[in-house]
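Peer 1: Quick one: this structure, given as structure tokens, is what I'll be asking you about.
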Amino acid sequence: MVRVGLLGCGHVGAPLARLVDEHRALIEARAGVRIEIVRVAVRNLARERDVPLPASCFTHDADAVVADPEVDIVVEVIGGIEPARSLITEAIKQGKPVVTANKELLANVGKELFDAAEAAGVDLLFEASVAGGIPLMRPLRESLAGDRIRRVMGIVNGTTNYILTRMAEDGSSFQDALAEAQTLGYAERDPTADVEGFDAAAKAAIIATIAFGARVVAGDVYSEGISELTDQDIASARELGYVVKLLAIAEEVDGDIAVRVHPTMVPSTHPLAAVRDSFNAVFIEGDAVGELMLYGRGAGGEPTASAVLGDVIDAAKNLVSGGRGATIGALTRRRIRPIDEVESQFYLQMEVADRPGVLAAIAAAFGERDVSIKSMQQVGIGADARLIFITHRAREADLRATIHDLRDVPTVHRVGSVLRVIGDDR
Ligand SMILES: NC(=O)c1ccc[n+]([C@@H]2O[C@H](COP(=O)([O-])OP(=O)(O)OC[C@H]3O[C@@H](n4cnc5c(N)ncnc54)[C@H](OP(=O)(O)O)[C@@H]3O)[C@@H](O)[C@H]2O)c1
């Protein structure tokens, strides 16, 4: 029997305890190990919990759970940096495998923990830290270990995907869609971490770390959220054959790592465009494997607990066999490409005077900065005239300089939204 010490029994910890109980026989039959949760640390001992565990298992002393000789594997589902960091470090020091779902911790001090696990020769597994129930870390670490991954693009935040779906399908404003997401419990009262892209940025850092074996932290990730998007942006995108998604993108470019989160226009024929509501999906491009996509529930107690339990079973099997799971190896230091140097296609719309010669001045401003126009469309006439451009691939810095120059063109009244576009330009 492999005995688990559970740190935290909230949205993820409680369904994990129920799953271990419900699937005990199945797990034993499939994996050849019996798993029992023997100790549980929580903050508030008085809280009622719907879990099939005796009250005697519970304590508020998480250190004691880690130190308990009866505990073989430590599962951390408390969240945040401290005390999770110290507890995991101590468990590793004691040679106990650790399973965690903590993206914040891994995106900030992951390297320190991976190094400690490597040095101690113990498993540190974290499948649930990115995209909840979707198997992603194991495919990246194991199934694709022999391939060269070029780019990973993910819809890794269900709250923003829900908001963007309502804006696209119902014509809702950002504020109305956010309010609806809050009513349904998809968005927090304070939605900043989701809507400003910080949650997705933490996940992007972990994805880049695992996909490229590089040291990437949350602070390396350029991030823009969705709070500035207008219903007009979403409608224009649709008219042009695109859907707007908040994408976490990690890619290897000439040896550099480029990693960012921003609203992106995705062609409506791309598999990521079909990911609706609060679902998540991760699209991977590898040299040999080509394109593949993993899709599912990126959050929620049960899907996340399912991913945590998969890791627990893996760690338990390794304990029994005396081996270790696939490691991520030594993380290399790679240059993080600044956003100014990153290339994308762009969508721009601007309000212009509706008179002859306007286009020539605008085209000259683009040309000056080496930004080449792929398509242009005029919408509205007279005082409502707007021009919508899609560019070929251009550097962010050149695009920004073009926008700056366009503000000085007298016939351009206003440069409105600018969005990156996933297109057919490579
Ligand atoms: N919820 C999701 O959908 C989801 C998805 C993916 C990843 N995750 C990750 O999973 C982790 C857990 O999330 P959650 O939603 O389950 O959080 P949660 O509902 O807030 O649960 C946290 C648990 O930790 C306990 N706790 C807090 N501080 C503690 C301390 N100092 N000592 C001992 N126990 C302590 C709490 O005790 P009390 O119950 O007594 O307050 C609670 O049981 C986080 O890292 C999160 O990012 C969550």
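Read-outs: derived from the displayed coordinates by stated rules, not from any lab. Keep in mind that this is a model prediction, so the values were computed, not measured. Counting neighbours? That spans all protein chains shown, and the Cβs are built from the backbone with ideal geometry, glycine included.
Peer 1: How big is the gap, in Å, between the Cα center of region 394-426 and the Cα center of region 1-78?
Peer 2: Each part's Cα centre sits 53 Å from the other's.
Peer 1: Starting at the first residue of region 11-21, write each ³J(HN,Hα) from the Karplus equation 6.51 cos²θ - 1.76 cosθ + 1.60 with θ = phi - 60°, in whole Hz, x for Gly and Pro.
Peer 2: The phi angles translate into 4, 9, x, 5, x, 5, 4, 5, 4, 4, 5 Hz.
Peer 1: Calculated from DSSP H runs of 4 or more alone, at -39500 (n - 2.57) each and per residue, what is the 222 nm mean residue ellipticity of the chain, nearest 500? Could you put the intermediate results ahead of the total?
Peer 2: Working: 13 runs with 146 residues, N = 426.
Value at 222 nm, helices only, nearest 500: -10500 deg cm²/dmol.
Peer 1: Arranged by the count of other C-beta atoms within 10 angstrom, fewest first, what order do Tyr347, Tyr162, Tyr295 take?
Peer 2: Numbers: Tyr347 25, Tyr162 22, Tyr295 17.
Ascending number of Cβ neighbours within 10 Å: Tyr295, Tyr162, Tyr347.
Peer 1: Calculate the dipole size of region 339-421 relative to its Cα centre from +1 charges on Lys and Arg beta carbons and -1 charges on Asp and Glu beta carbons; express the result in debye to the nearest 20. Please list the in-between numbers first.
Peer 2: Numbers: 10 positive and 12 negative charges, 44 e Å.
Dipole magnitude for region 339-421 comes out near 200 debye.
Peer 1: I need the shape label for the chain. Rule: rounded when a/c is under 1.5, else prolate if a/b > b/c, else oblate, with a, b, c from the alpha carbon gyration tensor.
Peer 2: On the way: a/c = 2.71, a/b = 2.04, b/c = 1.33.
Judged from the Cα gyration tensor, the chain comes out prolate (a/c at least 1.5, a/b above b/c).
Peer 1: With the crude spin-label approximation of a point 7 Å out along Cα→Cβ, what separation in nm comes out for Arg400 versus Asp50?
Peer 2: 5.0
Peer 1: Considering only DSSP beta bridges with both partners in the chain, what is the antiparallel share in %, to the nearest 5?
Peer 2: On the way: 50 of 73 bridges.
The answer is about 70 percent antiparallel.
Peer 1: Neighbouring Cβ atoms within 10 Å as the yardstick, rank Arg238, Arg369, Arg335, Arg47 fewest first. Before the final figure, lay out each step's value.
Peer 2: Details: Arg238 16, Arg369 19, Arg335 13, Arg47 10.
Ascending number of Cβ neighbours within 10 Å: Arg47, Arg335, Arg238, Arg369.
Peer 1: Right, next: Tell me, what is the FRET efficiency for Asp63 and Glu28 to the nearest 0.05, using R0 = 51 angstrom and their Cβ-Cβ distance as r? Provide the component values of the computation, followed by the final result.
Peer 2: Numbers: r = 30 Å, r/R0 = 0.60.
Working from the Cβ atoms, E equals 0.95.
Peer 1: Exposure proxy check: Ser143, Ser321, Ser344 ranked by fewest other beta carbons within 10 Å?
Peer 2: Values: Ser143 13, Ser321 10, Ser344 23.
The fewest-first ordering by Cβ neighbours comes to Ser321, Ser143, Ser344.
Peer 1: Additional query: How high is the relative contact order of the chain, in percent, with contacts defined as C-alpha pairs under 8 Å that are six or more residues apart? Can you show the working numbers first?
Peer 2: Values: 908 pairs, mean separation 68.3, N = 426.
That works out to 16 percent.
Peer 1: Using θ = phi - 60° and the Karplus curve 6.51 cos²θ - 1.76 cosθ + 1.60, what whole-Hz ³J(HN,Hα) does each residue of region 43-60 get, with Gly and Pro shown as x?
Peer 2: Karplus values, whole Hz, x for Gly and Pro: 8, 10, 5, 7, 5, 6, 9, 8, 9, x, 9, x, 4, 5, 6, 8, 8, 9.
Peer 1: Let me ask another. Using the Cα centre of region 287-426 as the reference point, and only Cβ charges (+1 on K/R, -1 on D/E), how large is the resulting charge dipole? Debye, rounded to the nearest 20. Spell out each step's value before the answer.
Peer 2: Numbers: 18 positive and 19 negative charges, 73 e Å.
Dipole magnitude for region 287-426 comes out near 360 debye.
Peer 1: Also: I'd like to know which of Ile249, Ala385, Ala29 lies farthest towards the positive end of the charge dipole of the chain, counting +1 on Cβ of Lys and Arg and -1 on Cβ of Asp and Glu.
Peer 2: Toward the positive end, the furthest listed residue is Ala29.
Peer 1: For Arg150, which sequence-distant residues (separation of 5 or more, or a different chain) have an amide H within less than 5 Å of its own amide H, given hydrogens modelled in the peptide plane?
Peer 2: Placed amide hydrogens put Glu285, Gly286, Asp287 under 5 Å from Arg150.
Peer 1: Hey, another quick one. Considering the dipole of the chain built from charges on the beta carbon (Lys and Arg +1, Asp and Glu -1) around the Cα centre, which of His11, Pro303, Ala237 is farthest to its positive end?
Peer 2: Most positive-ward Cα: Pro303.
Peer 1: To continue, here is another question. Can you give me the Cα centroid spacing of region 218-255 and region 173-199 in angstrom?
Peer 2: Centre-to-centre (Cα) distance: 17 Å.
Peer 1: A follow-up question, please. Apply the Karplus curve 6.51 cos²θ - 1.76 cosθ + 1.60, θ = phi - 60°, to the phi angles in region 188-193 and return the couplings in whole Hz, x for Gly and Pro.
Peer 2: Couplings: 6, 4, 9, x, 3, 4 Hz.
Peer 1: Now, a different point. Would you work out the charge dipole size for region 142-297 about its Cα centre, treating the Cβ of every Lys and Arg as +1 and the Cβ of every Asp and Glu as -1, and quote it to the nearest 20 debye? Before the final figure, lay out the partial values.
Peer 2: Working: 12 positive and 25 negative charges, 63 e Å.
Dipole magnitude for region 142-297 comes out near 300 debye.
Peer 1: Let me ask something else about it. May I ask you to derive the FRET efficiency for Val320 and Asp190 from their Cβ-Cβ distance with R0 = 51 Å, giving the value to the nearest 0.05?
Peer 2: Numbers: r = 44 Å, r/R0 = 0.86.
Working from the Cβ atoms, E equals 0.70.
Peer 1: Among Gly219, Ser143, Ala181, which residue has its Cα furthest toward the positive end of the charge dipole of the chain, with +1 on Lys/Arg Cβ and -1 on Asp/Glu Cβ?
Peer 2: Positive-end residue among those listed: Ser143.
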